[in-house]
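The values are calculated or read from the model by the stated rules, or taken from the named source; none is laboratory data. Computed from a predicted model, the values in this text were never measured in an experiment. Cβ coordinates were reconstructed from backbone atoms using ideal geometry, including for glycine residues, and neighbour counts include every protein chain displayed. These area figures cover heavy atoms from the full protein model, side chains too; ligands, DNA and RNA do not enter into them. Shrake-Rupley method; radii C 1.70, N 1.55, O 1.52, S 1.80 Å.
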Amino acid sequence: SIKKKQKSELHRVTDGVAAPKLTGSSRHFPLKSSRTKTLNTPANACAVSFGLTLLNSSLKRSKLDVSDDELCAMADPYLPLLTHCVSFSSDIQAVILSLRCLGVFLRMDLPSVPKAAKDLGPSILGHLTASGVATNTQSDIVQGCFKTLTLLISHQKFSSPTNQHSAAVSLDVAATSAGFNDSQTLPLTADQMQALLSLLHSVVREFDHHNATFGLVKAISSKRYVSTEFYDLMDIMLKLSVQSQKSSIRLQSSQIFLQYLIDYPMGKLRLDKYLHQIVLNLKYEYEEGRLSAIGLLSSVIQKFPLPVLEGHSQFFFLPLVLQLVNDDSKRCKEAVSDCICLLLKRLSTESVQSLFGYAKRWSQSTGGDSLSMQRASAQLFGIFIDARPDYVKRGSNASEVISVVQDILEAQIPFEDERGWELLYHNLLCAEKMNKQIPSLLSTNHEVWGALVELLAYPHPWIMQVSSRMISSYLSTLGPQELLRDGSESFIVKIPGCLYKIARNSCRQLDVEDAHFVEKTSTLAIKIITWAFRAMKRHPEICYKDDFAKRNGEGSGEEEYLPEECKDPCVWVMTRLSNIAKPRGVRRRESVFKCFAALCTMSDPEHLIPYLELMIDPIDRATRDATNSLNPDDEAENDHRVALSKDVLQILEDRCGTE
């Protein structure tokens, strides 16, 4: 009976074949060990390896239509065979080939996928553990395992209607793993997913061959899987988005974390914790990390639901402004500016109004930090004009901005040094943007334009360039011949001697040493001088001021206002240009000669003939200096200095004749 059988079993000696296997790598898997006997015999293993090589080669060369039902029916029997090879083969190369073939078949909608997944998932995890995945991510088997798991987890057989749509950020519901995970949407059990995520914690930090790793993380995230290990993995993703030394890892980490932040329901405390960390990352030590943090915050601002964004508008705005003022990197400043611009575009008018109030208050600040606050205000005004011109045009907002800009410009004149150049520069940019958006508001403000004319001679090149750009843009809307008729309300007509000041300060921009030469500023100065020369020729009377005063140094050609005894203001301009080109200086001479060429092209020939001697003299001097400086073996025709001089002389000859 039963007692006799138990007694017999108790006294039976287990040795030989009956003894349990207590050594070897397969001692814990006696069933698996028995199944591998046939597969791993030398002859069978060689045949399996050969067949897998043929199959893999055929699949690589063939362009299979994964949506073809007939093809899927033919491919389905291969799935259990390949799963068997992955599960029981002891040949690593055979396992790698099987995984590569599975990479093709798992893209198809095969009926046997759910059944195969029960064996395939645990087997792949076993291979990952045995291969030392934490320190060996570049091996072929690890990469194959990650790619196969990615296809398996994202396979359409494991999708459900509840996962076909994206969930908005929830502030009042904290999901739990028990209530949120769906066993029908994952091919792995909860314990297997926990083991996989634990492996990923260390693997995602590796720099090499990371695409397969991040592809697997994306697949898990797309299933909206919730567990403690997954939340810890997302914390690592947020760190990697800033701290990784590889740009592709920073980008993929940011994308994964953003998708997680948007799709996963989370409580208010967890959401605030993440947003606080994103904002803190703006101050990261290295530029590339800060750029990545700014990019992630920009994506958050763009993707967040509007009610959530409205509630965090000031939380985002103030740190961004602080970074805009304090960051030393030009790229980071531009990225922060774009991020603030994006924020303002998405917010409602009421929220924009509250943020605009900060900028106005900062523009009126006093005390030790007033300069930095006013600089931040000027930058913000420019961003508001770019992002929300509709709001700036409302009510008195635009006139208030112009009033602030005017006060700053007038406070810098006369300028003794360059200490306030940065505040001045940002206010000039603000005025330029305002002139593009609301030209009618600025066109009648003669005080601002008068200050711009003075700033053409500011020592800092950035101030020169912005002032020249605004003056040149304004002059392009007026014809120099019909100035008194079409531009009777222009500041050029209303401010006595203004036209002379424009020409004088533009000539100063050309009279610089080669080390301080700026091509863009020189080009703008040439355009302005050309326009001013034509206007002076037609309307010389607007160049004079009754009570003119001179600067220090009589006869220097730098009078504050043009003396009335100088009947032809064009003589002064041509004499000044001629004197600028006489001293040696390659870039200075080139700028003056280009100005001569522009005058010949734009002016009537009879207007140029009285000044030919003033133009030819410096050209001839430059030609002789360049020729004398050449080596005996050099040809003068090949020297660009000689070539430019001859080209300008040819233009003069063609326009004015040889007589």
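Among the listed options [x] 47.2; [y] 39.2; [z] 50.2, the one matching mean projected area of the Cα convex hull in nm² as calculated from these coordinates is [z]. Within the set Lys147/Lys223; Lys63/Lys115; Lys433/Lys537; Lys393/Lys494; Lys360/Lys436; Lys330/Lys393, which residue pairs have Cα atoms separated by over 24 Å? Correct reply: Lys63/Lys115; Lys433/Lys537; Lys393/Lys494; Lys330/Lys393. Here the accessible area of the chain is 52 percent carbon and sulfur, with a 1.4 angstrom probe and all protein chains present.
The angle between the Cα long axis of helix 498-510 and the longest principal axis of the Cα atoms of the chain comes to about 60 degrees, rounded to the nearest 10.
Computed on the Cα trace of the stretch 68-121, the radius of gyration divided by the Kirkwood hydrodynamic radius gives Rg/Rh = 0.97.
To the nearest 10, the accessible area of Ile2 is 120 Å² with a 1.4 Å probe. Close amide H partners of Tyr544, meaning residues 5 or more places away or on another chain with modelled amide H under 5 Å apart, are Gly497.
Over the stretch 417-554, the alpha carbon radius of gyration divided by the compact-protein estimate 2.2 N^0.38 Å works out to 1.03. With point charges of +1 on the Cβ of Lys and Arg and -1 on the Cβ of Asp and Glu, referenced to the Cα centre of the chain, which listed residue (Gln243, Gly51, Asn427) lies farthest in the positive direction of the dipole? With unit charges placed on the Cβ atoms, the residue in question is Gly51. Hey, got a sec? Which GluC sites (Glu not before Pro) in the stretch 273-316 land in a DSSP loop and have at most 16 other Cβ atoms within 10 Å? Passing both the DSSP loop test and the Cβ count: Glu285. Using a simple spin-label model with pseudo-atoms 7 Å out from Cα toward Cβ, Leu484 and Gln6 lie 12.9 nm apart.
Once the C-beta distance of Lys268 and Thr228 is scaled by a Förster radius of 22 Å, the resulting FRET efficiency is 0.70 to the nearest 0.05. Which lysines does Lys582 reach when only Cα atoms under 23 Å apart count, and residues fewer than 8 places away in its own chain are ignored? Hits, sequence-local ones excluded: Lys501, Lys520, Lys527, Lys594, Lys646.
If only the Cβ of Lys and Arg carry +1 and only the Cβ of Asp and Glu carry -1, the dipole of the chain around its Cα centre is close to 4460 debye. Would you be so kind as to identify which of Ala597, His312, Ser227 lies farthest towards the positive end of the dipole of the chain, taking Lys and Arg as +1 and Asp and Glu as -1 on Cβ and the Cα centre as origin? Result: Ser227, furthest along the dipole toward the positive end. Which of the three applies to the stretch 293-383, rounded, prolate or oblate, going by the alpha-carbon gyration tensor with a ≥ b ≥ c and a/c under 1.5 meaning rounded? Because a/c hits 1.5 or more and a/b fails to exceed b/c, the stretch 293-383 counts as oblate. Let me know the shape class of the stretch 185-286, please: from the alpha-carbon gyration tensor, a ≥ b ≥ c as square roots of the eigenvalues, rounded when a/c is under 1.5, otherwise prolate if a/b is greater than b/c, or oblate. Oblate is the answer for the stretch 185-286, as a/c is 1.5 or above yet b/c matches or exceeds a/b. The alpha carbon radius of gyration of the stretch 346-504, expressed as a multiple of 2.2 N^0.38 Å, is 1.07.
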